[in-house]
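This report concerns only the one structure given below.
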Amino acid sequence: MKKIITYLLFTVLSICAFGQTRCDSGHLNIDLSFKRCVINNNILTIDFVVTNLDKDDIRISITHGSKAYDDEGNCYIKGFSFDLGNTGSSECSFPSDTPLKLRCYINDIDEYATNIVRLDINYIINNNYSQRGTMIVKNIPFSRE
């Protein structure tokens with residue numbers, strides 16, 4: 001009986017560990033935290049909180065070329081828009097040690113999809129030098145309103 005309970009416990013723990021949303025901010029020194037994801041009228045809204053962990057302020061622009069893949073096998077390369085810091089713009093200054101909202105909108109999500117398997121967000125850092133990169137987020141579950 002102890003073996004069965006132990007196996008069940010490890011199975012539940014592994015499901016929880018691998019079923020969570022994982023955020024990779026690339027080579028940026030930021031903390032990217034997933035908050036929520038909701039779909040309404042086939043428009044998916046994904047909310048993150050981004051905190052600049054660098055000692056200096058940075059200016060980030062989200063660029064074209066972002067992609068998303070859902071659990072139904074669809075790839076979304078068009079219909080993206082981003083809102084940084086609730087400014088209505090895809091470009092914003094990130095002060096050091098200050099959390100800011102990053103909201104991603106994806107249009108025309110498949111009616112049967114329930115999970116974004118991977119989201120690639122392309123960006124440019126506009127400080128003294130231009131640096132390009134990609135933030136990757138995996139396993140984003142969403143609910144429908």
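A few points about this structure:
- Total residues in region 107-139, condition outside any strand (DSSP E or B) and touching a residue at least 12 places away in the same chain (Cβ under 8 Å): 8
- Selection from region 92-126 of residues that are more than 30 Å from Lys55 (Cα to Cα) and small (Gly, Ala, Ser): Ala113
- Picking from residues in region 111-126 that are open to solvent by 20 Å² or more (accessible area, probe 1.4 Å) and farther than 12 Å from Ala68 by Cα, the one that is modelled with the lowest pLDDT is Asn126.
- In region 43-68, of all residues being out of contact with any Ser or Thr (no Cβ under 9 Å at 6 or more places or on another chain) and surrounded by fewer than 18 Cβ atoms within 10 Å (Cβ to Cβ), the one that is farthest from Asn126 (Cα to Cα) corresponds to Ile43.
- Restricting region 87-106 to residues that are in contact with a Phe, Trp or Tyr (Cβ under 8 Å, 6 or more places away or on another chain) and part of a strand (DSSP E or B), the residue that is farthest from Val38 (Cα to Cα): Leu100
- Selection count, region 82-102, where residues are under 19 Å from Ile43 (Cα atoms) and of a type in the set (Ser, Thr, Tyr): 2
- Region 87-97: number of residues that are among the hydrophobic types (A, V, I, L, M, F, W, C) and open to solvent by 40 Å² or more (accessible area, probe 1.4 Å): 0
- Region 31-42 - residue that is surrounded by 15 or more Cβ atoms within 10 Å (Cβ to Cβ) and at pLDDT 90 or above and, of those, farthest from Leu100 (Cα to Cα): Ile39
- Within region 70-86, considering residues that are more than 15 Å from Cys37 (Cα to Cα) and assigned to a loop (DSSP other than H, G, I, E, B), the one most open to solvent (accessible area, probe 1.4 Å): Lys78
The values are calculated or read from the model by the stated rules, or taken from the named source; none is laboratory data. Everything numeric in this text was worked out from a predicted model, so none of it was measured. Cβ atoms come from the backbone with ideal geometry, glycine included; neighbour counts cover every protein chain shown. Just the protein is used for accessible areas: all its heavy atoms, side chains included, with ligands, DNA and RNA removed. Shrake-Rupley method; radii C 1.70, N 1.55, O 1.52, S 1.80 Å.
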